[in-house]
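All remarks here apply to the structure that follows.
The values are calculated or read from the model by the stated rules, or taken from the named source; none is laboratory data. Keep in mind that what you see is a predicted model, and the values were worked out from it rather than measured. As a convention, Cβ positions derive from the backbone with ideal geometry for all residues, glycine included, and neighbour counts pool all protein chains shown. Side chains are part of the model used for accessible areas, which takes the heavy atoms of the whole protein and leaves out ligands, DNA and RNA. Shrake-Rupley method; radii C 1.70, N 1.55, O 1.52, S 1.80 Å.
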Amino acid sequence: MDKTQLIAQIIQQLTESLSHATAAAEEAHKGATHDQSKAETQYDTLGLEHAYLAEGQAKRIEELQDQISQFHHMKVKSYCEDDPIYLGAVVELLNTQTNQPLCVFLAPCGGGNHIQLGARTIQVVSPMSPLTQALLGLYAEDNCKLASGLSYEILTIH
């Protein structure tokens, strides 16, 4: 498992999201400052709505920049079969109810992204996700059960 390539793809996805957020923020700023957005009555809120959008996009940009920085500074570590699961692990799971495999990367941030690495799809999960919370400290061949009722067998840890 090439975690360096995995992290590079996550950074690429986050950078693309940053580009889209930056463009959206610029559009919202233009809308907020455009002459036609000036309020003519107390009920005319177009300029205010654009300003709120620009503020939200600015916060999203900060979050994405922080996430990119965290991945750039992340130390890639190899796991041996006797190591417990902790942040930075790639864990292959088997849903015990459906027998469907699931491969997750326990990342410091960026949860929700899906990375295609060869024939394998890897789901990025953040530290606060219920799955990450259930997996931390467990070992290969352990089982974990989520509050939602889903249960997984831990197949391998990379």
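Here are a few things to note about the model shown:
- Rounded percent of accessible protein surface that carbon and sulfur make up, the chain, 1.4 Å probe: 52
- Longest site-free stretch - the chain; sites: trypsin sites (Lys or Arg not before Pro), DSSP loop, at most 12 other Cβ within 10 Å: 78-158
- With at most 13 other Cβ atoms within 10 Å, longest stretch of the chain clear of loop chymotrypsin sites (Phe, Trp or Tyr not before Pro) (DSSP): 44-138
- Summed over the residues of the chain and divided among them, the accessible surface reaches 61 Å² per residue at a probe radius of 1.4 Å.
- Of the GluC sites (Glu not before Pro) found in segment 60-158, those in coil by DSSP whose Cβ has at most 12 other Cβ atoms within 10 Å are E81, E141.
- Extension gain for L117-E55 works out to 18.8 nm (0.36 nm per residue, less the C-alpha to C-alpha distance).
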